[in-house]
Each structure stands twice: as structure tokens, then as C-alpha cells.
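None of the figures in this text is laboratory data; all of them are computed from the coordinates on show. Everything numeric in this text was worked out from a predicted model, so none of it was measured. Neighbour counts run over all protein chains shown; Cβ positions are idealised from the backbone, glycine included.
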Amino acid sequence: MSTTPQGIHSLAFRVMRLCKPSFHVEPPFRLDPSDLFVGEDIFDDPLAASNLSSLLSSHVNKSTDSSDMTFANRFLLHHPSDAMGFSGLLVLPQSFGAIYLGETFCSYISINNSSNFEVKDVIIKAEIQTERERILLLDTSKSPVGTIHAGGHYDFIVEHDVKELGAYTMVCTALYNDGDGERKYLPQFFKFVVANPLSVRTKVRTVKETTYLEACIENHTKSNLYVDQVEFEPAPYWTAKILKADELYPADNLSTGEIVKPPIIVRSGGGIHNYLYQMKISSPGSEQVKAKRSSILGKLQISWRTNLGEPGRLQTQQILGTPSSCKEIELQVLGIPSLIILDKPFSVHLNLTNHTDRELGPFEVWLSKNSAHEKFVMFNGLQTMALPAVEAFGSTDFHLNLVATKLGVQRISGLIVFDTIEKKTFEPLADVEIFVESD
Amino acid sequence: SLGFVVVALDEPSPTIDPLTNQFGSLNDLSHELASLQDLAMRGSWRSILDKVSRARSLDLLTKPDDHLIYLSYNVLALTKLRRFSDASNELDSLHDFNSHHYKYETYPKLYHTRSGSMVPFSLRFIHAQLPFKLGNRQEGLDCFYLLLNFIRQKIKDKGIHSLQESVKIWRKREVFVLHCLIGHHLGAKEFNVCLDLIRHLINHDYLDPVLVSKLGYIQMQIGDFEGAKGSFHRVETMLNERKNDDSSALSEVEFRNLVNRNKALVFLVGKDYVSAVREYEECMERDPADVVAVNNKALCLMYLRDLSDSIKVLENSLERVPTVALNETLAVNLCSMYELAYVNHSEIKRTLSNWIARVAPDDFDASCTRV
């Protein structure tokens, strides 16, 4: 990762990524003496049961005395939970690892004088360079480092919130006077790439007045993400409410009354978690229609943690609703007779709603004849029905007189509503299934 | 139902003739067991292999349970030396742990009226643990869960026959296997399973402050800071409510250090490294051999930009309490620090590596120094 500098320098930069340390976990081969010295059922023998315990307890590893020069701790269990192999020992990050958008890049930088003489008037700078910008992380020219003696080093820690994707270069530079009094310049380059930790897929569905937004968060990193918060910020005039399923398993109460909330863990390399939001227009009238027409629903703000609480935070771009979620005309079936007899007329009760802010109609309604299959449900009588105009945001009820010419499951399909003034055709009704019986 | 509480024996113990006491010393239990145990305590696993081999070839082992105990030490030594396939093969040579060949009642001339299995429980444990080292994690998990069922059946059986000492021992083994399982699930980052298993123990009256602390560590790991603080608070309460005759496995020093280390972790995760160092120093004052405090303090010093002192802390502990401080994790951390502090770090790492070679037990994994 570091490019070798030209010439011979007394100084050199050493760099270590300083994300949070990790717990060391390794289930060990550590035993209890009673599981090694004797057979497992020996305590069934009353003689053994009463006499072995004193012998065994004298060999249990009770010793934490540092003068006890044995490696008993690697062989015997000192405490029952030693078997877990999780003592609380922390390990430094062992590799540079991957860096993701939304995280904080933190690095330990040490500049070492590996020569045999002092270097003077040292000025150190550290800078992050991306395609778009250069960010200064450290500049000691105002508070000079001064002198680094032979074999000495000067350390600093830098942090940078990662807000851009792609290639990064951390440039560390040192200006110094070497042993011969020569002013030297040492640049060192450390390269890394920032990737996207998550992707968010959305689906928008509209049911009557309510819009549902489903967001699926997928983890593309190599470690688990623990979701802290996912907040939806709705666009103006929208309100959003998160919908949660009822808990399958009610919150576990421990004997001290502690309420346990299961964590949301999104597993590494492709794990997902879904969120469902119910959205409504918050203001009525013409603003409502404007909001619907603009189709911007809002943004998701996601904050998460990785190893030992290491935080990350991202915001999505604007999430769009489907423009066609706004219908001008809506037809609803209010009633169908429960018994439909072959060749006998029946009446279907419908409601037509005008969702626009202007009067629509008068209308003509008919069943289209252009479909691929033969029709077995048709208007009884006049093949076109007239409907009066409907005012803005209003609705009207009407009945269609139909007849079915074939038994079994049939469909009322291809219902056309035609606005005679605007000369506009709507097909606002999905196929309706009916069951036709014989007399 | 029985909780995990020590049950005192009310009936008087059968009288022993001191001249024929079968349980006076380790050597009464098995041929030269004291010597085997001493080698194991010193980590001289190669010597154990030699001793077992010699005892076998010279036919020094007269009884079947002697053979089994020696086999246990041999298999354990092979695992310690990371010869996992060899260990597995030797275990396989027993064919079936539950065979009548390994029951006391099969040899009434040797064991008189004693009955039951003479297989040391360690063999069952090692048998379940080995697959993980051989890359068969699923097999290992299955083995442990089967072992758990086996143990629970034993507890039932012993209970029915009122064998209270046996019930105690098998309950201890049940707790042991549960801890092994928690460790394996933890290693695979299956945190929800770990939390369930730990809560199962706690909800069945197994109130171990160390276990509750580890619950807290896991909660910290997954970002449930409120939950973790609750767990640590609970541990402090357990310390404060502790009675003087408490038969808990923790000494006063250990308990206090546990509480300090828990506090330190909260500070550390909150990036208040100065306070974390202060807590760890309290631990080290009480017990200079508290290697978790030593190691973690050194790491905090690094995060405080004090690489030189972090190295000193680790080096000092190796000098003062070598048998406790010398572990692979501490060595890995020290080597990472060396690599950062020195441009030419191979020399200093080699010095460390040579020292380790002189002092360390046979099972120390020297690859941790990356020399």
C-alpha cells in the first residue's frame, strides 16, 4: 500500500488502520480434573463420591498467584465460563480491511527516525486526496514537531469521515533537516478504495388513499451490520408511519424484569432487512394533488454499527413513488349477486370516483370487444351505458345490467369508461371473476 | 427442579481405612498420574507423549481405566500440539465410548461392585471439539448438541437413583457443554443463539457474574449499549450483595477486577480511553497477573497515541508474570505494535520470538509473531 520513496531518507512513515479492536474468541481445550483423572461415572460409587472431592479440589486450578510458574491456565479451567474461550482480551486490527462509505476512517501514523543522527526542524503533513477533493488532516507547521532524535518517533492519529466513493490516497509528507543539514522532503502514499456498504431497493404500492413504501436494505460488507436506526424522512405534504409486525415471541423478561429487545442484525455479504412505511398525504385539496403528481416520497436515513459499536451513517437519494399511482378515475365494484344463473340477467353495483380537481364526463361505458378471448359476459340490452358528469373529487353510483352465456368461472373484463367531452378513454377496472350456475 | 446450587450431603460418608484408601493421592487413581499431571501443568506435552508411549510399550498399565486415562492425556497432548488428525484417529480407536468394554461392571475382579462408565468425560468433550479444528464445524456442533442430550439423560438417570454427587458432577458438565456451545456460536458471530443460550442459563438460576459480564460484552459487540450497561449493573449488584460465606467461584480480588474491567470496556467503546486506562490500572494494582487488564490497557494507550508506553506495558508483563502473560493474543498485539513502531521490526520481533521459544510451553503457537 505504501510506495517506496526515492532516495535515502532518515525518516519513514508507518501507518496502521485504527478501527475498534476485536474480542478474541477461541474455544479452548481446557478441562476440569474430575473429567480427566477418573471415569465419568465414578461418582456413582459412594466411596469415591465422598473421598474424591477433597483430592480433586486440591488440584483444581485455583491459583492466580503469579509466582506459580505453571501454565495451568492453558490446560485447566479456572472458572466454568473459561470454556467459552471469550475472556475479554482485545486484539488490534490485523489488516487494513475494507473501508465503506458512511464510516470514519481512523489511522495511527508514526514517523520514525531509523538513522543514527538527529533530524531537525521537522514539519509533517497528512492529507486525503480523492477524485473530487483534497482534505488536510494534519499540518504541524504551526505547532512544529522540532527534533526527532536517532531511533525516535513522533506519532499522530488522524480521522476522516468518509463521504465519497472510489479511490483515496492518504499522502503523508515530512520536511526535515537531516544529519548533514540538508533539507529533505519525504512523501509517502497510502492508497485505499471506499466501497458502498449497503444498497437500498424500494417498492411502492398504492391502495386507495394510502401509499406503501417497502425498503429492503442489503449489506454488501464483509462484516455484520447492527442496525441502529432507520428513519424515513418524508417529502413535504407527506406523512410516514413505520409498520411493524406483531412480535412472534413476546419480549423476554428475565428474572429482574429486564426487557429484551432482539437486535437487528443484517448479516455480512448479502444479508437483508425489510422496512414497511405507510404514507399518507398530510394536507388536503390541491396541495394533495401536487404532492401526488410530484412523486417524490422522501429519503431514508440509515445509521448502523459494526464491530464494537463502530458507527456508520448514510442517507439515500430521493425515493420516487410511481407516477401512475395517481389515477384520474377509479371504478369500484360495490356489489355482485351471490347467485348468477346462466342466461339470466344480473345486476352489478359500481361506483365511479373522480380523483381530479375538475369535473369529468359525461361518460359512456361499454365492454370492449377487442380482447383475445371470446366473451361470455355481456351487457344485457343496450351495449353502451351513459353516465352523467362527476364533479371534482366526487363520485357516482350506477348499476350495470349483465348476462352470462357460459357456465362456470367467467370474467367481466374490458370495461371501458369514455369521457365524451375530453374524448379520453379509461380502463379503470381489473377483471372481475363470477361463477355462473345452471338453473 | 434442581437449580445449580451446591447440595450438601447429609448422610455420613462411608468410613475409610486409611491404610487402603484408594483416593489418597493422584497415583492411587492411576499409574504415575501425579507425574502426568505435573507435565501437563507445565505444558510439556511432548514429554507426555513420550511417557504414554513408554508406559504402553513397557506394559506398565495394568487396568482398563489406566489405559483410558493415559489415552486421554495422549489425545489431549496431540490436540495441544495441533496434531488434530492424529488425535482424532486415536479417539476413533476406541470405537464406541458406550461399549461394555469401558464399564466398571465388566471387570468385577478389578472394580468389585463399582458400575458405570470408566471413560473420562474429557474424551467425549475432545471428540466434540476436534471437528472444529478439522474444518467440520457442523459436525462439531452436532456432536456438542448430542452430548448435551446425553448429559441431560444422565442427570435424569442419576436423579432417579438418588446419586446426588453424580448429579452434581453431570450438572457441572451440562454447564460446561453449554459454555462450549456459546463459544462456538460466538466465534461464528451467531449472536442471537448466544444470547438465547446465556439467557437460558440465567433464567434457570445459574447466576454467575462472569457469565453475566460476558453477556454484557456480547451486547456491546452488537451495539446494544443499554442492554450491556444493564448487565454490568447487575454484576455490580451481585458483588455488593455478596455474603462472606459465598461459595461462588470468584475470589474478592477477581470479583472486583471483573467489575473494573466491565467499566473499562464501557469507557473504551465510548472512546474515553483515559478512563478505561484508569480502571485497568486499578485491576493491575490489585492483581498484576490480570492479563486481560494488562493487554487491554496497552491497547487503550495506543488509541491515546502512546505507542511507546503501550509496548512497555506488554513487555513489562511478560517480564514480571511470564506464565500468565504469555499468550498468543498478547504476542500478536505486541508484534503489531512493533511493526508500527519500528521500520526494521524483524530484529525486535526475532528477539521476542527467541525469548518465547525458551520460555513457552509446547503448545504455544509461535506463528503469532509473524517472524
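Ignoring everything except DSSP H segments at least 4 long, calculate the 222 nm mean residue ellipticity for chain A; use -39,500 (n - 2.57) per segment, divide by total residues, nearest 500.
-1500 deg cm²/dmol
Grab the beta carbon distance between A:D397 and A:K163, set R0 = 51 Å, and tell me the FRET efficiency rounded to 0.05.
E(calc), rounded to 0.05, equals 0.35.
Using helices alone, what [θ] at 222 nm do you get for chain B, with -39,500 (n - 2.57) per DSSP H run of 4 or more residues, divided over all residues and rounded to the nearest 500?
-21500 deg cm²/dmol
Stretched out fully, how many nm does the piece from B:I160 to B:E315 gain, at 0.36 nm a residue minus the Cα gap?
50.3 nm
Among A:H153, B:S85, A:S268, whose Cα sits farthest toward the positive end of the charge dipole of the protein assembly as shown (+1 at Cβ of Lys/Arg, -1 at Cβ of Asp/Glu, about the Cα centre)?
A:H153
When Cβ neighbours within 10 Å are restricted to other protein chains, what is their mean count per residue of peptide A:146-158? Let's see the in-between values first.
Values: counts 0, 0, 0, 0, 0, 1, 1, 6, 1, 7, 1, 4, 0.
Neighbouring Cβ atoms belonging to other protein chains average 2 per residue here.
About the Cα centre of chain A, how large is the charge dipole given +1 on each Lys and Arg Cβ and -1 on each Asp and Glu Cβ? Please answer in debye to the nearest 20. Don't skip to the answer; put the middle values down first.
On the way: 40 positive and 52 negative charges, 307 e Å.
Charge dipole, chain A, about its Cα centre: 1480 debye, nearest 20.
Say each of B:T351 and A:F117 gets a label point 7 Å from the Cα, pointing the same way as Cα to Cβ; how far apart are those two points in nm?
2.5 nm
Once each part is reduced to its C-alpha centroid, what is the distance from the range A:412-433 to the range B:41-69 in angstrom?
Spelled out, the Cα-based centre of one part sits 92 Å from the other.
Modelled label-to-label distance, A:A386 and A:K125, 7 Å Cα→beta-carbon offset: nm?
8.5 nm
Please arrange A:V207, B:V321 by how many other C-beta atoms lie within 10 Å of their C-beta, fewest to most. Could the numbers behind the result be given before it?
Values: A:V207 9, B:V321 22.
With the fewest neighbours first, A:V207, B:V321 line up as A:V207, B:V321.
Relative to the longest principal axis of the C-alpha atoms of chain A, give the angle of the C-alpha long axis of helix A:46-57, reported between 0 and 90° and rounded to the nearest 10°.
Computed tilt is about 60 degrees.
Using alpha-carbon positions, what is the distance between the centroids of the range B:334-369 and the range B:127-168, in Å?
If we compute the Cα centre of each part, the gap is 39 Å.
What nm distance separates the two modelled labels at A:H220 and A:N177, each placed 7 Å from Cα along Cα→Cβ?
5.1 nm
Among the trypsin sites (Lys or Arg not before Pro) in the range A:331-421, which ones are in a DSSP loop with at most 16 other Cβ atoms within 10 Å of the Cβ? Mind listing them?
Here the trypsin sites (Lys or Arg not before Pro) that fit, given the DSSP loop and packing criteria, are A:R358, A:K369, A:K406.
Just to be sure I understand: with springs between alpha-carbon atoms less than 10 Å apart, which residue in A:L352, A:L77, A:L92 has the highest mean-square fluctuation in the Gaussian network model of chain A?
Per the Cα network of chain A with a 10 Å cutoff, A:L77 tops the list.
Give the residue list of trypsin sites (Lys or Arg not before Pro) in the range B:195-274 that are DSSP loop and have at most 14 other beta-carbon atoms within 10 angstrom.
B:R242, B:K243, B:K271
Relative to the compact-globule scaling 2.2 N^0.38 Å, provide the ratio for the alpha-carbon radius of gyration of the range A:327-434.
Taking N as the residue count of the range A:327-434, the ratio is 1.07.
Please give the helix B:346-359 orientation as an angle from the longest Cα principal axis of chain B, in degrees from 0 to 90, rounded to the nearest 10.
Long axis of B:346-359 versus the principal axis of chain B: about 30 degrees.
Any idea which of A:A389, A:S347, A:V417 is furthest toward the positive side of the dipole for the range A:327-434, if Lys and Arg beta-carbons carry +1 and Asp and Glu beta-carbons -1?
Value computed over the given set: A:S347.
Could you give the size of the charge dipole of the range A:327-434 about its Cα centre, using +1 on the Cβ of each K and R and -1 on the Cβ of each D and E, expressed in debye and rounded to the nearest 20? It would help to have the intermediate numbers written out before the result.
Numbers: 9 positive and 14 negative charges, 86 e Å.
Roughly 420 debye for the range A:327-434.
For chain B, find the longest principal axis of its Cα atoms and tell me its angle to the long axis of helix B:307-320, 0 to 90°, nearest 10.
In chain B, helix B:307-320 runs at an angle near 30 degrees to the longest axis.
List, largest first, the extents of the alpha carbons of chain A along their principal axes, each in whole Å.
Each principal axis gives a Cα extent; for chain A these are 107, 85, 41 Å.
Among A:Q278, A:I99, A:L360, which residue has its Cα furthest toward the positive end of the charge dipole of chain A, with +1 on Lys/Arg Cβ and -1 on Asp/Glu Cβ?
My answer, from the dipole projection, is A:L360.
Under 10 Å, Cα contacts only: if you run a Gaussian network model on chain B, which one of B:T351, B:T323, B:T113 comes out with the highest mean-square fluctuation?
Highest fluctuation among the options: B:T113.
Rg over Rh of chain B, using C-alpha atoms and the Kirkwood radius, what does it come to?
On the Cα set of chain B, Rg over Rh gives 0.99.
Which value, in debye to the nearest 20, describes the size of the charge dipole of the protein assembly as shown about its Cα centre when Lys and Arg Cβ atoms bear +1, Asp and Glu Cβ atoms bear -1, and nothing else is charged?
Approximately 1500 debye in magnitude.
Could you quote the convex hull projected area for the protein assembly as shown, Cα atoms only and averaged over all directions, in nm²?
Average of the hull's projected areas for the protein assembly as shown equals 51.7 nm².
In angstroms, what radius of gyration and Dmax does the range A:376-419 have, counting Cα atoms only?
Taking only Cα atoms of the range A:376-419, I get Rg and Dmax of 13.2, 41 Å.
Taking neighbour counts of Cβ atoms within 10 Å as a proxy for exposure, in what order, fewest first, do B:L94, A:L382 appear?
Values: B:L94 17, A:L382 9.
Ranked by crowding around the Cβ, least crowded first: A:L382, B:L94.
What's the exposure ranking of B:S251, B:S166, going from fewest to most Cβ atoms within 10 Å? Write down the numbers at each step before the final one.
Working: B:S251 12, B:S166 24.
Going from least to most buried by this count: B:S251, B:S166.
Quick check: the distance between the Cα centres of the range A:83-155 and the range B:245-323, to the nearest angstrom?
When both Cα centres are located, 25 Å separates them.
Mind checking which of A:G361, A:G39, A:G269 has the largest fluctuation in a GNM of chain A, springs on alpha carbons under 10 Å?
A:G39
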